[in-house]
Amino acid sequence: MLLAGLLCTGAWAQSEEPRTLELTGGGSVTYSLRIHPANAHVARITGELAPTSALDAARLLNLHLAAGDIEEAALLSNSPRRRFEVLRDYRESVGEEEFKRVFARYFDPENRLLAEIAIGNHRLLVWDLKEGATRIAGQYFVEIEGRYLVDDVPNDARTSLRWVLEAYRSGKLSR
């Protein structure tokens, strides 16, 4: 399993740094930036993996998806039924093996977790994936009662996080 191949790492995330993104046409998004060590996404898990941080939620989600287990992955969403439907439709469109490969690449040491962006209890993980149509990818999470879930419900914080992701994709932000 992928978990057995994960590497060790020492310190996790650095402290959060407040930032402001100025939007075209006025307005701004204020957020906190957290940078993780380069290999944080491939670090060995000590103990049971649980969605107690955005990074651990992403690891757990991507492990389920790389194994093709869309039922367990969907349970990590704040809208599990809808997440299941989206994952099922995607798997049907690309095939089982390609589906697994797409999500296994999040554990590839060549790929990097660029940043964790926080607005309140909402998180965006920004990834630099070395292959694929979308090189800069994002995963959205929300903390609910101590657990981080995939944020599949439209809300203002997620919209603001999407603007930050677009700034990364356009090159306006790099860290």
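The values are calculated or read from the model by the stated rules, or taken from the named source; none is laboratory data. Source: prediction; values computed, not measured. Every residue, glycine among them, receives a Cβ derived from its backbone with ideal geometry; neighbour counts consider all protein chains shown.
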Subset of segment 53-92 (residues that are under 22 Å from residue 123 (Cα atoms), surrounded by fewer than 20 Cβ atoms within 10 Å (Cβ to Cβ) and not aliphatic (A, V, I, L, M)): 53, 56, 64, 72, 78, 79, 80, 81, 82, 84
Which residue pairs have Cβ atoms closer than 7 Å, lie 6 or more positions apart in sequence or on different chains, and pair a first residue in segment 153-175 that is farther than 21 Å from residue 77 by Cα with a second residue that is of a type outside the set (A, V, I, L, M)? 164/31
Restricting to segment 29-55, what's the tally of residues that are assigned to a helix (DSSP H, G or I) and either at pLDDT 95 or above or among the hydrophobic types (A, V, I, L, M, F, W, C) (or both)? 4
Among the residues in segment 95-107, are any farther than 18 Å from residue 37 by Cα and not in a helix (DSSP H, G or I)? yes
Residue selected from segment 123-175 under the condition of a type in the set (Lys, Arg) and in a strand (DSSP E or B), by the criterion nearest to residue 32 (Cα to Cα): 123
Taking the stated definitions as given, is residue 122 modelled with pLDDT of 95 or more, buried (at least 21 other Cβ atoms within 10 Å of the Cβ) and either closer than 27 Å to residue 170 by Cα or touching a helix residue (DSSP H, G or I) at 6+ places or on another chain (Cβ under 6 Å) (or both)? yes
For segment 125-153, give me each residue that is modelled with pLDDT of 95 or more and loosely packed, with under 12 Cβ neighbours inside 10 Å. 145, 146
